[in-house]
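Report on the structure given below.
The values are calculated or read from the model by the stated rules, or taken from the named source; none is laboratory data. The shown structure was predicted, so the numbers you read here are calculated from the model rather than taken from an experiment. We place every Cβ from the backbone using ideal geometry, glycine too, and count neighbours over all the protein chains shown. In case anyone asks, the SASA skips ligands and DNA or RNA and just uses the protein heavy atoms, side chains included. Shrake-Rupley method; radii C 1.70, N 1.55, O 1.52, S 1.80 Å.
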Amino acid sequence: MSDSKRILIIEDERDLAELVALNLERAGYEPHQAHDGRSGLARAGEIVPDLILLDIMLPELTGIEVAQRLRVDPATAGIPIIMLTAKATEADEVVGLTAGADDYVTKPFSLGVLLARIETVLRRSQAAEPRSAELRAGPVEIRTDTHRVTVDNEEVKLTLTEFRLLACLIEGRGTVLSRKELMRRAIGPGVRVTPRTIDVHVTALRRKLGEAGGMIETVRGVGYRIEQPASTGTAT
Ligand code: CA
């Protein structure tokens, strides 16, 4: 079948990645592999898979970082993620789910269990609207799929960094995000910026949002947060 679901496996243990790929292929999926966080992220952007199997302990970028970035990028925000965790500790579960994973599987796992989880997550994601396609905070509405931002239904033009900042803040649902966190998520690594850079972008963002910009609250010495939005539009 030409419409087989693409599944990207981001896993540094090559034998495991290979084994999973083989079994996915047998089950009728189209598997793709990446063996570190950075190339996995790049591959996800290239092929926009239907689902990602994401190991947490990865070289280059951890699985958590990969998940966070996938969620911020409009092109990949809706892709369901199943985390592969080495330890069944609660911390892993919490961290994995907070980072935007849809499910997790603890290693060592049986391939039967993995395939069943994949089926469930794919079915759920098909039933739902694209995840986080629409985010809202008060009069501000953003569409992560089309990159459109409106305030009281009036379109506002933002730069990509401003857009990502706003998406991070709204997704944070009232939690305080540090400048460092915002830099990492909205600007990305490898770009030399100072915390002051974030302040500049936030100032510009506030101005463009007009009165609604007042919702972005400065938390002295820490970072920023946005007032709890009434609804995020996330399907449950
Ligand atoms: Ca690993």
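A few remarks follow.
- P(r) of region 6-125 over all Cα-Cα pairs, binned every 5 Å from zero, in whole percent: 2, 13, 25, 28, 21, 9, 1
- Accessible area of region 6-125 belonging to carbon and sulfur atoms, whole % at 1.4 Å probe: 53
- Scanning residues 5 or more positions from E134 or on other chains, those with amide H under 5 Å from its amide H are T144, with H placed 1.01 Å from N in the peptide plane.
- Average accessible surface area per residue within region 134-226, 1.4 Å rolling probe, Å²: 52
- Under Karplus coefficients 6.51, -1.76 and 1.60, residue-wise ³J(HN,Hα) of region 143-160 in Hz, glycine/proline x: 10, 6, 7, 9, 6, 8, 10, 10, 10, 6, 6, 9, 5, 10, 8, 10, 6, 4
- Rounded to whole Hz, the Karplus (6.51, -1.76, 1.60) HN-Hα couplings of region 162-169, x for glycine and proline: 4, 4, 5, 4, 4, 4, 4, 5
- Cleavage-rule hits, trypsin sites (Lys or Arg not before Pro), region 132-217, DSSP coil, Cβ neighbours within 10 Å at most 12: K157, R192
- Here each label is just a point 7 Å from Cα along the line to Cβ, and for F109 and E46 those points are 2.4 nm apart.
- Other residues lying with their Cβ under 11 Å from the Cβ of L16 contribute a combined charge of -4, Lys and Arg counting +1, Asp and Glu -1.
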